[in-house]
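Each remark here refers to the structure printed beneath this line.
Nothing in this text is a laboratory measurement; each read-out follows from the coordinates by a stated rule. Predicted model only: the values in this text are computed from it and were never measured. Note that each Cβ is placed from the backbone with ideal geometry, even for glycine, and that neighbours are counted across all protein chains shown.
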Amino acid sequence: MPGSTANPFRIKSPQLLVAQSGGDLEGHGLRRHMGLFQLICFGVGAIVGTGIFVGLSDSVAQAGPAVVVSFVLAALTCVLTAFAFAELGGAIPVSGSSYSFAYAGLGERVAFLVGWCLLLEYGVSVSAVAVGWSQYVNELLRYLLGLQLPAELSAGPGDGGVINLPAVIVIALASLLLVRGVRESARATAAMAVLKLAVLVAFCAIAFTAFRHGRLTPFAPAGLGGIGAGTTAAFFSYIGFDAITTAGEEAKNPRRNIPIAILVCIGLVTLLYCTVAIAAIGAVGGAEVGGRSAALSHVVDRVTGSAVGGGVIAFGAVVAIASVVLAVMYGQTRILMSMSRDGLIPRVFERVSPKTSTPVTGTLITAVVFAVPAAFSSLDAVVNLCTIGTLATMAVVNIAVIALRRREPGLARSFRVPLYPVVPLLGVGFCSYLMYETGWTTWVQFAAFLTIGCLVYAAYGRRNSRLVNDAVTPDATAVEARAV
């Protein structure tokens, strides 16, 4: 009912969310293709990429060898919130992830702003990851052919170039694979996840042959301040684990598999990151890792005295980062599809192709929109803004767990947050601390971004919301009854 005004604090019940998504059946043209292994690979595919292959050097520059502590603290923040995602992902297995959880727990206005922030977590991170991919493409070309792309075509204006063409290409390739179908995308993501894990394990095996304990001292050269700054930088390495919940409508047995996949991914990735960081610093020292582009390739070159190993690492990074683009773009399109169903953004994003069972038009629009910052921005320009937006949505998810425990005590939950309510409150606290560490400049940018989001909601979302009445409509009541 365009032109009507919805109650911005209107709650959309978990039962209604699940029923409108098709329940445990296939709905809206989506098909359930993803099993537990594919979900875990999808999570690893969304997480492991730019953060470890490119961002490790920034974290080491801040914290030194104590970057291991930074990774653990960042992981702790994610684990606390991962419990919340696991509970809500099992109870509300839909494509909307944090957006849908906020709609059920905190109301429409908060849900819209969470969806708006997810444009930072998913959309802007796609741009940031694509920029990191471009760096390693150049590194791989140097190893294979002894040449590099012209600076004008491999970097944005902020990095001394004109347009970052490789970044645009990887987004285009990911979008083309996504529109072919979720089965093909899941297979590709699984294959790339296994390959990049193998490359990182090989890196550790090589680096540990040159390990020296003395290179880990001084352990924390910048003290607690350096560890805190390193934690904020390291957090970017974990962004994407919640993308698993966006597969709620395309996962087999989502109430069981989504919580397991989330917790397995966080544990696996944390162990991997800490091992890689110790191996890299112990092999060549923190000074050679911190602030260096393509640091992992450099470490292998130094240890082996040959460019072959570094070339293998560069190839692994190209594959790894491409898989992040693929997985994160998948998550972004599914969130936009959920918001579109609710009328909060244009309906074009909810259209699913009967031929491929994917939101083809929404995927292509998303690719075009986020190829622009990838082409013309630097990695540093978007990392902090992406981080603060992600932390804000994670804090909201922790609050939504508390709200739904009180409002829906009888809701079927396949997983429950342990030590409730201590764990979700700690999750909010850790997220708030890392948001503080991003700095006042990022806060100003984030405030401006939220202000724009409020204006968009007032001008479009609130007027076009499909929940236009204060009371549940008879049709919605019928749908909800069928879901219970």
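Key figures for this structure:
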| read-out | value |
| --- | --- |
| Sequence of Ser465, Ser125 once ranked by neighbouring C-beta atoms within 10 Å, starting from the fewest | Ser465, Ser125 |
| Partner lysines for Lys12 [C-alpha distance under 28 Å; skip if fewer than 8 residues away on the same chain] | Lys252 |
| Stokes-Einstein translational diffusion, segment 155-194 - Kirkwood Rh over all Cα pairs, 0.692 mPa s, 37 °C, in µm²/s | 282 µm²/s |
| Extension reserve of the Ile169-Lys252 stretch, reckoned as 0.36 nm per residue once the Cα distance is removed | 26.7 nm |
| Segment 264-376: relative contact order as a whole-number percent, Cα under 8 Å and 6+ apart | 12 percent |
| Residue among His298, Cys274, Phe315 farthest towards the positive dipole end of segment 249-335, charges placed on Cβ | Cys274 |
| Potential extension, Ala458-Arg302 segment - 0.36 nm per residue separation minus Cα distance | 50.5 nm |
| FRET efficiency estimate (nearest 0.05) - Cβ-Cβ, Leu271 to Val422, R0 25 angstrom | 0.50 |
| Cα-based Rg of segment 14-483 normalised by 2.2 N^0.38 Å, two decimals | 0.94 |
| Sum of -39500 (n - 2.57) over DSSP H runs of 4+, divided by residues of the chain (222 nm, nearest 500) | -22000 deg cm²/dmol |
| Full-stretch length increase - Val369, Val201 - with 0.36 nm per residue and alpha-carbon distance subtracted | 56.9 nm |
| Mean Kyte hydropathy of -1.0 or more with a Cα span along the axis of at least 20 Å, helices from DSSP in the chain | 67-91, 125-145, 165-180, 182-207, 254-284, 307-341, 360-376, 379-407, 422-437, 440-456 |
| Separation of the Arg180 and Ala287 label points, Cα + 7 Å toward Cβ, nm | 4.8 nm |
| Fewest-first sequence of His213, His298 by Cβ atoms within 10 Å of each Cβ | His213, His298 |
| Normalised contact order of the chain, rounded percent, pairs of Cα under 8 Å and 6 or more residues apart | 34 percent |
| Approximate shape of segment 227-375 as ellipsoid semi-axes (Cα gyration tensor, √5λ), whole Å, largest first | 36, 19, 15 |
| Whole-angstrom gap from segment 45-120 to segment 399-423, using each part's C-alpha centre | 19 Å |
